[in-house]
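A short worksheet on the structure shown next.
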Amino acid sequence: MKTFICIISLALCACLFASLQELKKEEVKAINPTAADCMIRDVVVQQGAVGTLPNGIPRYSVVILNVNPKNKTVMNVHIKCGWFASYNLVDPSIFRRLAHDDCLVNNGQPIPTGQAIGFSYSNSFSYPMTVSTVACS
Ligand SMILES: *[C@@H]1O[C@H](CO)[C@@H](O)[C@H](O)[C@H]1NC(C)=O
């Protein structure tokens, strides 16, 4: 039902993380380097179950956070997302599937260090999400 956008400070995010961690913690991904300044591990994807829709379909909350240690802004963040689909509308400018296993975050726009992109989606199961590519300003 509700799609939300959060572009918030790290401090605010800590709050969200704390609540997510009480829920089923699924994903904290940190993988391979791509570019010199920005690495896949600079972007953390965390998701957890956050209850169900009135029709019983589970709902999941996702936070995509730039944790680059050198204060670099990341952009063109792509996520491996399978056949991502949601019963509730997810704002496509926040997160949308471009192709199988390729979802684009924030319309490819910059995400400064310490800022997060958040949304929720609903489906019978959660989609494992890992970062596939990031670019750096
Ligand atoms: C991080 O980068 C932003 C934008 O470039 C800048 O305004 C800020 O002062 C930087 N912070 C630190 C700790 O370097």
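At R0 = 25 Å, how high is the FRET efficiency between Tyr87 and Thr133 if r is their beta carbon distance? Nearest 0.05 is fine.
Numbers: r = 28 Å, r/R0 = 1.11.
FRET efficiency, Tyr87 to Thr133: 0.35.
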Using a basic spin-label model with each label point 7 Å from the Cα along Cα→Cβ, how many nm lie between Ser124 and His100?
-> 1.9
Length gained if Lys70 through Asn107 is fully extended, taking 0.36 nm per residue and subtracting the Cα-Cα distance, is 11.0 nm
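Read-outs: derived from the displayed coordinates by stated rules, not from any lab. Since we're looking at a predicted model, the values are computed, not measured. Because the Cβ atoms are built from the backbone with ideal geometry, glycine has one as well, and the counts that use them run over all protein chains shown.
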